[in-house]
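Asks: Quick one: structure below, then a few questions.
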Amino acid sequence: QVQLVESGGGLVQAGGSLRLSCAASTRTFSSYAMGWFRQAPGKEREFAAAIRWGSSNTYYADSVKGRFTISRDNAKNMVYLQMNSLKPEDTAVYYCAAPGNPYGSWPPTGYGYWGQGTQVTVSS
């Protein structure tokens, strides 16, 4: 079982930055790919970014590529999402996620563990 807790959301003006954090409660954290998703009001949840278990590979949605950076600290069981040049359309609840099993395909084809989400609001 993997428990995930996000933090770092908030209100920011367009063009600003935020850094989201996700704490994972598994001793095998380094074996899991990790992902960030987001869900805007009235829209389906969408993929934003993922990082492979070895942390050398990352993968981004086109909508965030070049503005967002995913990273991880395996010693601290943490994954981060640095968000720069934020736009009003980035407003959403952001979720941290892990696949149901360690290792597996890359990029992951499914996620079995989810955090509770953290709200990010970008004002124009």
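Asks: What ³J(HN,Hα) values, in whole Hz, does the Karplus curve 6.51 cos²θ - 1.76 cosθ + 1.60 give for segment 10-26 when θ = phi - 60°, with x put for Gly and Pro?
Replies: Working through the residues one at a time gives x, 9, 9, 7, 4, x, x, 10, 9, 10, 8, 10, 9, 9, 10, 9, 10 Hz.
Asks: Separate question: Tell me, what are the semi-axes, in whole angstrom and largest first, of the equivalent ellipsoid of segment 1-109 as set by the roots of 5 times the Cα gyration tensor eigenvalues?
Replies: 23, 14, 13
Asks: Moving to a separate point now. Below 19 Å, Cα to Cα, which lysines can Lys87 reach? Residues fewer than 8 away in the same chain don't count.
Replies: List returned: Lys43, Lys65.
Asks: Find the accessible area per residue for segment 1-118; the probe is 1.4 Å, ligands and nucleic acids are left out, and the unit is Å².
Replies: It amounts to 50 Å² per residue over segment 1-118.
Asks: Could you give the nm distance between label points at Ala61 and Gln13, where each point is 7 Å from its Cα heading toward the beta carbon?
Replies: For Ala61 paired with Gln13, the spin-label model returns 2.6 nm.
Asks: Could you check how much of the accessible area of the chain is carbon and sulfur, as a whole percent, using a 1.4 Å probe?
Replies: 46
Asks: At a Förster radius of 22 Å, what calculated FRET efficiency corresponds to the Cβ-Cβ distance of Thr26 and Ser71, to the nearest 0.05?
Replies: About 0.75, to the nearest 0.05.
Asks: For the full complex of protein chains and a 1.4 angstrom probe, list Trp53, Trp114, Trp106 by accessible area with the highest value first.
Replies: From most accessible down to least: Trp114, Trp106, Trp53.
Asks: Find which of Ser31, Pro99, Gly16 sits farthest along the positive direction of the dipole of the chain, computed with +1 on the beta-carbon of Lys and Arg, -1 on that of Asp and Glu, about the Cα centre.
Replies: Projecting each Cα onto the dipole axis, the largest value belongs to Ser31.
Asks: Now, a different point. Size of the dipole of the chain about the Cα centre, Lys and Arg at +1 and Asp and Glu at -1 on the beta carbon, nothing else charged, in debye to 20?
Replies: 200
The values are calculated or read from the model by the stated rules, or taken from the named source; none is laboratory data. Please read these numbers as outputs of a predicted model, since none were measured by experiment. Please note: Cβ atoms are built from the backbone with ideal geometry, for glycine as well, and neighbour counts cover all protein chains shown. Side chains included, ligands, DNA and RNA excluded: accessible areas come from the protein's heavy atoms. Shrake-Rupley method; radii C 1.70, N 1.55, O 1.52, S 1.80 Å.
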